[in-house]
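Q: Here it is, the structure in full.
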Amino acid sequence: MSSFLFGVAFLTALYRRYGDVPLLVMSNELFASYAQQVIQQLESEGKKQILHYPYSIYQFGEGCHWHPNVKEHQRFARDILHVISQSGLQLFSASI
């Protein structure tokens, strides 16, 4: 199975399991165009709540074995929150 078909199948499986929920697809610059192709395919099938967060592998990696350290995790979280807040998607229900 090609990487493209695997990506489409993986996200489709998430939709089958969790319903029509917003998804955040994260990819580094090496896979950003591939991720965008997968998203475009799903959008052509009617899935409209897909966000894409491409990040640079070079902005992280000061922790152990090239993993993010605490400050990098915090920056990563801020970046992701910004992507979500700018999307206009309602991700959580306010009703209890």
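Q: List pairs: first in the stretch 6-22 and free of Cβ contacts under 8 Å to residues at least 40 places away in the same chain, second hydroxyl-bearing (Ser, Thr, Tyr) and not in a loop (DSSP other than H, G, I, E, B), Cβ under 8 Å, 6+ apart or cross-chain?
A: Going by the 8 Å Cβ cut-off, the qualifying pairs are Gly7/Tyr34; Val21/Tyr15.
Q: Could you run through the stretch 23-51 and say how many residues are assigned to a helix (DSSP H, G or I) and small (Gly, Ala, Ser)?
A: Of the residues in that region, 4 qualify.
Q: From the list Ser87, Ser93, which residue is closer than 23 Å to Ser33 by Cβ and either modelled with pLDDT of 80 or more or exposed (fewer than 11 other Cβ atoms within 10 Å of the Cβ) (or both)?
A: Ser87
The values are calculated or read from the model by the stated rules, or taken from the named source; none is laboratory data. Values in this document were obtained by computation on a predicted structure and should not be read as measured data. Positions of Cβ are backbone-derived with ideal geometry, glycine not excepted, and every protein chain shown enters the neighbour counts.
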